[in-house]
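To start, the structure itself, in structure tokens.
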Amino acid sequence: MQARTNNGTWRGVLGAVAVVLVWEAVAASGLVSPLILPSPLDTARALGGNAHVILQDLAATLARLALGFVAGAVLGILVGTMFGMNDRMRGFSELVIDFFRSLPVITLFPLAMILFGLGNPSKIALTMWTVFLLTVVNTIYGIRQVPKTRIMAARTLRAKGWPLVWKVYIPSAVPTIIAGLRLAISLGLVVVLVTEMFTGTIHGLGKRIYDAGLVYEVPVMYAAITVAGLLGFALNKAVVFVERRIAHWSGQ
Amino acid sequence: MHHDATTANKEQNSESVCLRATDLQFAYPSPTGAPTNVLDGVSFMVAEHETVSIVGPNGCGKSTLLLAVAGLLGLDSGTVSIRGKPPCEVSVGLVFQNYRESLLPWRTTESNIGFSLELKGVGREERAEKVSSFLQELHVELPLDRYPYQLSGGQQQTVSILRALFAAPDVLLLDEPFASLDYRARLNMHQRIQEIFHQTQQTVLLVSHEIDEAILLSDRVLVISHRPAKVLAEIGVGFPKPRPRELVLTDAFLRIKREIFARFPL
């Protein structure tokens, strides 16, 4: 098992190295203009030269995402639990949730800017909304799927009211909720990066990518894109790590 | 067998009655057409420290009957009285066939068994102490720090039964508790559970579709009809408890089995 996991990791690293080598080969061949495709080395140099700024951008992006994600997730779990437990409330909300889930979230950004201004609040609010919707849907689903016999057995052990929700319903729904959070963190990052490309941003990876593109600082753009990609990758891995720790029993 | 005498004795001495179900009626409401009648005047009693089995064809309403006794089902009419009170005012233990679903998989063995104490607000250390002395008294050994998915099926169902017993229920209701286990695990569970019930003197109502199991474990067997459920027959089992597994091979056992077989709705 251990050997297989190690093999898998090594193959993955090897694949990544191969892609960088191909990138280097294409860039060095002169077939593609360096204006469109700077070499990996140029990109690395741009990253080194702008490390201070890009680090500030990374911190700004991460802070917006963290605030939006935590607020959206907490609210989503609360509301989702309420709707999941109450058939009537769910009936009223079902169509509305389905509508907003189908609506591409970025269409709401101009409205968010009118409501919350051009600065951080509108970006964080939209990220929170995105995370909230995904979390609500998965929480409702998770709560609805709790086995009836588990609830009945817990009731005969005198679990009722809040302890029944907190100690039986919500833990049972945790694997489904975390699956939702994993989607939510990826989509949340997309929303943060896109909203950062609009006016009113000083720091942010989205802002850096957009600005570098505008003035043809292509190596800087590539550097910021790479950092954004690594961030998304790391966040996804972090959720998976948390999932294995908290929901170790799921799928067993 | 001698069920008339047994029943008469128990009915006379009303103090020894633990559970009495009188004329239970229940129909599932159906959106189209007439409601489905499930329980049609079911009456029976279980004496203190007695184990009574309910056998009947699949889908006859046995599980519905247990839920009604547990107070988890709104009856159309009829009453359930446990030690003179309605089910919601007493402690009822409930164990289902599917231990995977009914156990809390994020909790260890110890934490599952101690769940009822946790709900009462008892602290972690005291719970651990009480769970371990409870298991010691019953001579049961279980890996306390393992999660349900790390245990065998038989161990998981043992945890499930002990979790219910630990709450000291007035009556313990078991719904096909061994049906998911393989043959060997089931035979072992029969012995283990008999010892536990013998020691705790627990009053038990067991639903089973396995006639051998019903006879081996209980003092009386109730045969239930096809849906809507009625009590067709009541057969006493007089062997002293706990009983060895070889009992199922004896002529005396087979006589009782024949009697139940003759009354079983086919």
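FYI, it's all coordinate maths here, none of it is from the lab. Just so it is clear, the model here is predicted, and its values are computed rather than measured. Here the Cβ is made from the backbone with ideal geometry for all residues, glycine too, and neighbour counts use every protein chain on show.
Assorted remarks:
- In order along region A:210-223, the Karplus-derived 3J(HN,Hα) couplings, from 6.51 cos²θ - 1.76 cosθ + 1.60 at θ = phi - 60°, round to 5, 5, 4, x, 4, 9, 6, 8, 4, x, 5, 4, 4, 4 Hz, and Gly and Pro are given as x.
- Taking each residue as 0.36 nm, the span from A:Leu37 to A:Val74 lengthens on full extension beyond its C-alpha to C-alpha distance by 9.1 nm.
- Cβ-derived FRET efficiency at R0 30 Å, B:Thr200 paired with B:Leu247, nearest 0.05: 0.90
- Cross-link reach list, lysines versus B:Lys120, counting only Cα pairs under 24 Å and skipping chain neighbours closer than eight places: A:Lys148, A:Lys160, A:Lys167, B:Lys85, B:Lys130
- GNM top mover of A:Val239, A:Val26, A:Val70 - chain A, alpha-carbon springs below 10 Å: A:Val26
- Spatially proximal lysines relative to B:Lys257 (Cα-Cα < 26 Å; intrachain offsets below 8 disregarded): B:Lys10, B:Lys62, B:Lys230, B:Lys241
- Between B:Leu138 and A:Leu230, the simple spin-label model (points 7 angstrom out along Cα→Cβ) gives 5.5 nm.
- Proximity of backbone amide H atoms, modeled 1.01 Å from N, is registered between B:Ser43 and B:Asp23, B:Leu24, B:Val231 at under 5 Å, excluding neighbours fewer than 5 places apart on the same chain.
- Reported to the nearest whole Å, the Cα centre-to-centre distance from region A:1-72 to region B:209-266 is 72.
- Anchor A:Lys123: lysines whose Cα lies under 23 Å away (excluding residues fewer than 8 positions away in-chain): A:Lys207
- Length gained when the stretch A:Met197-A:Met89 is fully extended (0.36 nm per residue, less Cα-Cα span): 35.1 nm
- Two-site label geometry, A:His52 and B:Ala262: point separation in nm, points 7 Å out along Cα→Cβ: 10.0 nm
- DSSP-defined beta bridges in the protein assembly as shown - what % are antiparallel, rounded to 5: 55 percent
- Projecting the Cα atoms of B:Gly74, A:Gly229, B:Ser225 onto the dipole axis of the protein assembly as shown, where Lys and Arg carry +1 and Asp and Glu carry -1 at the beta carbon, places A:Gly229 farthest toward the positive end.
- Here chain B is treated with +1 on each Lys and Arg Cβ and -1 on each Asp and Glu Cβ, and its dipole about the Cα centre works out to around 340 debye.
- FRET efficiency, 1/(1 + (r/R0)^6) with R0 51 Å, evaluated for A:Ala63 and A:Ala28 via beta carbons: 0.85
- Karplus-derived HN-Hα couplings along region B:119-126 (A = 6.51, B = -1.76, C = 1.60, θ = phi - 60°), whole Hz, x at Gly and Pro: 5, 7, x, 6, x, 4, 5, 5
- Where labels lie 7 Å past Cα in the beta-carbon direction, separation of A:Ala44 and A:Arg101 in nm: 4.5 nm
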